[in-house]
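Participant: Sharing a structure here in structure tokens format.
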Amino acid sequence: MSVYFLPLGLWKALLPVTLLLGATGNAIARPQPHVCSPTAEYRGDAPPERLRQGLHEGVNIELLPTTFDLSGDLDAALTERLNHTLQEAFEKSGAPGVTAAVGIPGEGMWSETIGLAATAPETPLTDASVFWWASVGKLFTASVILQQVVEEKLILNQAIDTWFPNYPQAPVITVEHLLTHTGGVFSFQQDLPFRDRPGYTPPNELIDIAARHGADFCPGEYWSYSNTGYVMLAQIAEAIDGKPFSEVTRDRLLTPLNLTRTETLSPEQIPSNLAVGHIDGEPDSNFQPSVPFGAGNIVAPAEDMVRFLAAVLSGEVYPRHLLRNSLTELYPMFDNGTYYGQGIMLYDIDADTNSIHWLGHSGGTPSVKAVVAYDLERQIFVAVAVNGDAPAEAIAWNLIQSIRNQPTHHRSGPGL
């Protein structure tokens, strides 16, 4: 399998130099643990003091709106500005195609898709095209798990040996550890033979790959991004609901929220209207978007991703107190200013006169990049996906900046 899964794309030259986020390794090699305590103390990096203790000086969940009205279209002048900004960013990106959406509560939605679904044979993108959102799909997996917690079918501190009795350290790895990437679960894409494996790899084999490598560290001691952990979460969700994960997400999320063009891929499924990932301008010869399973197998248009994040933040998907809890313990990620909660990311970046304070999730492989986020300061939703190696976050930031720079749009809200 030639692809590997990253949670954050590089922002590259589309952002000012002071805002570049350089990717670093996701975990320092730790000695293999032997016997782990179920109450291991966290010894990894901590977020800044101002982001601790429930984000008292960061995100105030209680002040977020309980509904986000995204009905209607944005006005003509703003639409023209966003179209121009996206076209310019797309041309600089070098990606074959891009899809983007911006939602401003109380004003409406804008979306646009530009470029090619595939370069060979040359296939234009259309309004019916969908993109693979890679690790952004973890938002969906985490939402299902938190719904099951609300229904008392699952508890966050429940050990995973109920479902994976033979997995290393399973008696002391909890559901919450999987949600927060603190379980010490080896991430399957780090396995070198897997990277070279062609075709589809089923979820059980991904978990077996991780099991053969053993634990990266004792659960709860450190943070290390684990796609395998989210594969496990999807299998837990399947076991609880008694149906395939694609049906779990359909019945719990997609149908109730009327996300009619969003789909959780079934094994080996590649929809005919899906934009193909590209590497160095050529179609990815081993494009397998269903492989990550619960770690990221969502395909959708950009506007559906905006609507989904709005539903999560409003409390429509699961209660707001769980959203606050999911951001109470934050773990620094690869890049300065990015932090992970329970299936959701906080972007908290300050550089000179620019600042980024987002809630959402990023995703990417060598052949696709994606992000969906809510700008807490400016009260704007944005979603961007590209089918190549281009910085989705940078394009999203440029779209937000184009709104900020329009004379009639200087929004400042209660999110911070």
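Read the figures in this text as sums done on the coordinates, not as results from a lab. None of the values given here were measured: they were computed from a predicted structure. Please note: Cβ atoms are built from the backbone with ideal geometry, for glycine as well, and neighbour counts cover all protein chains shown.
Participant: Could you work out the relative contact order of the stretch 165-287? I mean the mean sequence separation of Cα pairs under 8 Å and 6+ apart, divided by the number of residues, in percent. Working shown, then result.
Facilitator: Details: 124 pairs, mean separation 31.7, N = 123.
Worked out over the stretch 165-287, it gives 26 percent.
Participant: Same structure again: Among MET232, VAL291, ASN258, pick out the residue whose Cα is farthest towards the positive end of the charge dipole of the stretch 216-342, where Lys and Arg carry +1 and Asp and Glu carry -1 on C-beta, about the Cα centre.
Facilitator: Result: ASN258, furthest along the dipole toward the positive end.
Participant: Hey, any idea what Rg/Rh is for the chain, computing Rh the Kirkwood way over Cα pairs? Don't skip to the end; give the middle numbers.
Facilitator: Values: Rg = 20.0 Å, Rh = 21.2 Å.
That ratio is 0.94, to two decimals.
Participant: Taking the stretch 195-295 on its own, what percent of its Cα-Cα pair distances exceed 22 Å?
Facilitator: Of all Cα-Cα distances in the stretch 195-295, 42 percent exceed 22 Å.
Participant: To two decimal places, what compactness ratio does the stretch 138-273 give when its Cα radius of gyration is scaled by 2.2 N^0.38 Å?
Facilitator: 1.06
Participant: Continuing with this model, one more query. Over the stretch 283-398, what lengths in whole Å, largest first, do the semi-axes of the equivalent ellipsoid take, defined as the square roots of 5 times the eigenvalues of the alpha-carbon gyration tensor? Intermediate values should be presented prior to the final figure.
Facilitator: Numbers: eigenvalues 105, 66, 41 Å².
Taking √(5λ) for each eigenvalue gives 23, 18, 14 Å, largest first.
Participant: While we're here: Where both residues lie in the stretch 259-416, what percent of DSSP beta bridges are antiparallel, nearest 5?
Facilitator: Working: 31 of 31 bridges.
Within the stretch 259-416, antiparallel bridges account for around 100 percent of the total.
Participant: Order by neighbour count: LYS153, LYS369, fewest other Cβ atoms within 10 Å first, most last. Don't skip to the end; give the middle numbers.
Facilitator: Values: LYS153 13, LYS369 32.
Listed from fewest to most nearby Cβ atoms, that is LYS153, LYS369.
Participant: How far apart, in nm, are the 7 Å Cα→Cβ label points at THR79 and GLU316?
Facilitator: Result for the modelled spin labels: 2.2 nm.
Participant: Same structure again: Along the charge dipole of the chain, which of VAL317, GLY281, ALA134 sits closest to the positive end, that is, farthest toward it, with unit charges on the beta carbon of Lys, Arg, Asp and Glu (+1, +1, -1, -1)?
Facilitator: Value computed over the given set: VAL317.
Participant: Ok, one more. About the Cα centre, and with charges only on the beta carbon of Lys, Arg (+1) and Asp, Glu (-1), how big is the dipole of the stretch 58-136? Nearest 20 debye, please. Kindly include the intermediate steps, with their values, before the conclusion.
Facilitator: Numbers: 2 positive and 11 negative charges, 55 e Å.
About 260 debye.
Participant: Report the rotationally averaged projected area of the stretch 289-345 based on its alpha-carbon convex hull, in square nanometres. Could the numbers behind the result be given before it?
Facilitator: Values: hull surface 19.9 nm².
Mean projected area of the Cα convex hull: 5.0 nm².
Participant: What do you get when you divide the Cα radius of gyration of the stretch 71-111 by 2.2 N^0.38 Å, with N the number of residues? Intermediate results must be reported in sequence, preceding the final value.
Facilitator: Numbers: Rg = 11.3 Å, N = 41, 2.2 N^0.38 = 9.0 Å.
For the stretch 71-111, the normalised Cα radius of gyration comes out at 1.25.
Participant: Continuing with this model, one more query. Under 5 Å between amide H atoms, partner at least 5 residues away or on a different chain: which partners does VAL130 have, H built in plane at 1.01 Å?
Facilitator: LEU274, ALA275
Participant: If you build a Gaussian network model of the chain, linking Cα atoms that sit under 10 Å apart, which residue out of GLY220, GLY360, GLY106 swings the most?
Facilitator: Top of the fluctuation ranking is GLY106.
Participant: If you wrap a convex hull around the alpha carbons of the stretch 77-195, what volume per residue comes out, as a whole number of Å³?
Facilitator: Working: hull volume 23.6 nm³, N = 119.
Convex hull of Cα atoms, per residue: 198 Å³.
Participant: How large is the translational diffusion coefficient of the stretch 339-391 in µm² per second when you combine the Kirkwood radius over alpha carbon pairs with Stokes-Einstein at 10 °C and 1.306 mPa s? Show your work: numbers first, answer last.
Facilitator: On the way: Rh = 11.9 Å.
Answer, rounded: 133 µm²/s.
Participant: Among 289-299, 311-321, how do they line up from the highest to the lowest mean number of other beta-carbon atoms within 10 Å?
Facilitator: Values: 289-299: 28.7, 311-321: 19.0.
Most protected by this proxy first, the peptides run 289-299, 311-321.
Participant: I would also like to ask the following. Within 10 Å, count the other beta carbons around each residue, average over each peptide in 370-382, 35-47, 262-274, 180-192, and list them highest first.
Facilitator: 370-382, 180-192, 262-274, 35-47
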